[in-house]
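Below you'll find the structure, written out as C-alpha cells, and then a few comments.
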Amino acid sequence: MMRLRLEKHGLKVSNLYIAQVKQKYGIIERENYNKPKSKNARQPKCPPEKEAAIVEALKHFGMI
C-alpha cells in the first residue's frame, strides 16, 4: 500500500496518520501497545492533503 501511495500521490503516509483518519471515521483500531509515558505528550496531526489521500485509499478498499 505504501508503494501505491508513493507512486500515485507522491507522498509517504505514516501509520499514525492512517490511524487518526480511521478513528475519525469510526473504524475500530486495536489498543496501542506503544503508549507515551506522559499523558500530555503531543502527537503530530495529519495534514489535509495526506488525509485526503488516506480517505481515498480507504474508499478504494471499501472500508468507508
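Laboratory data are not the source of any read-out in this text; all were calculated from the coordinates shown. As the structure is a prediction and not an experimental result, all values here were calculated from the model.
Values as computed for the structure displayed
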| item | result |
| --- | --- |
| Alpha-carbon spread of the chain, three principal axes, descending order, Å | 37, 22, 19 |
| Value of relative contact order over the chain, rounded to a whole percent, pairs C-alpha under 8 Å and six or more apart | 37 percent |
